[in-house]
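One structure is given here, and the rest of the page talks about it.
Every number here is computed from the coordinates shown, using simple stated rules; none is lab data. Fair warning: this is a prediction, and the values are worked out from it, not measured in the lab. All Cβ positions, even for glycine, are placed from backbone atoms using ideal geometry, and neighbour counts span all protein chains on display.
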């Protein structure tokens with residue numbers, strides 16, 4: 001935790017969010033100023049609203065104004081309740097490294113966010129009258145039940161939704177603008193093109209909807225420039241630290257182990273109408289056929305449309321025969337053998353091929369949708 005922020009000579013603040021039972025949920029070090037503390041509480045309130053639960057109304061934030069780093073637990077991302085109880089039990093003294101601490105109810109900051117929405121807007125869009133807004137408990141419950149209202153509350157408080165991508169090679173952030181979508185498409189195309197390249201060397205990608213306040217927009221937003229094709233490292237250096245953006249929802253994890261099933265699920269299954277022939281799809285189709293003598297219909301269609309397939313007329317004829325006459329053992333075995341030969345002839349260097357058993361392992365964390373930008377009001381690729 002100590003490396004997340006510098007300990008200021010004039011003192012810093014260790015802030016710990018706890019639930020109604022006192023269990024620590026999030027811990028962060030900030031500068032010892034009322035402005036920074038207010039901004040953190042505002043962000044924690046925004047994140048709490050996205051949970052759509054009345055339990056968040058009991059959340060609290062403990063603020064310890066510290067003198068030196070000896071007071072800070074060296075644990076990430078949050079301490080245990082037992083450790084927190086020890087901190088709360090420490091005497092406030094220079095020797096213990098803490099100047100003072102106090103506790104703030106998070107509900108006050110949640111209500112502050114809600115009150116930023118104009119009364120006229122609440123009436124026109126949600127039928128909430130002025131009498132309703134005077135009863136803040138009623139509007140709080142409306143936010144719990146209505147996700148769109150919660151998103152509107154965040155927008156009226158200058159929060160904007162972004163696509164946050166977290167990979168073993170770093171993180172990238174894209175906003176909901178034309179520029180953001182262009183870079184997101186570039187990122188998606190990069191993953192598609194190099195899915196089977198050994199240099200990709202990642203096994204999963206996690207995608208979040210992250211809400212970021214306008215005052216905290218990062219400099220490296222909408223910026224993805226892949227490395228040179230001949231480089232040993234495909235991924236560019238990442239300047240985004242995903243841990244800096246904790247206001248999240250809609251987490252989706254994609255299995256990027258090098259199986260044809262994972263490629264099909266991520267890039268073809270739900271996008272076959274707009275997908276185009278590619279080297280990655282050719283490899284995936286060959287791997288499918290090598291395993292089973294068959295492949296998903298959309299992969300086969302793209303493969304047969306490719307220039308690559310034109311060089312293998314006999315193979316394509318066998319595929320056509322297989323599609324017309326299902327479950328012919330001789331035909332399936334012939335296709336498996338031919339697929340293996342084609343892979344060898346072309347010298348495809350396939351990620352994971354040095355461990356053949358990986359290619360037959362079914363994904364245990366298969367995505368439910370393809371890897372593409374997913375934001376409300378956004379365009380589909």
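Structure summary
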{"quantity": "Dimensionless Rg over Rh [region 116-157; C-alpha; Kirkwood]", "calculated": "0.91"}
{"quantity": "Sequence of 177, 103 once ranked by neighbouring C-beta atoms within 10 Å, starting from the fewest", "calculated": "103, 177"}
{"quantity": "Residue order, fewest to most surrounding Cβ atoms within 10 angstrom, among 144, 18", "calculated": "144, 18"}
{"quantity": "Exposure proxy order (Cβ contacts within 10 Å, fewest to most) of 133, 337, 178, 285", "calculated": "178, 337, 133, 285"}
{"quantity": "Share of pairwise Cα separations in region 260-360, more than 16 Å, in percent", "calculated": "53"}
{"quantity": "Projected label distance in nm at residue 115 and residue 345, using a 7 Å step from Cα toward the beta-carbon", "calculated": "7.5"}
{"quantity": "Computed over region 160-255: relative contact order in percent, which uses C-alpha pairs under 8 Å that are six or more apart", "calculated": "40"}
{"quantity": "Computed over region 160-255, Kirkwood Rh from alpha-carbon pairs, angstrom", "calculated": "13.8"}
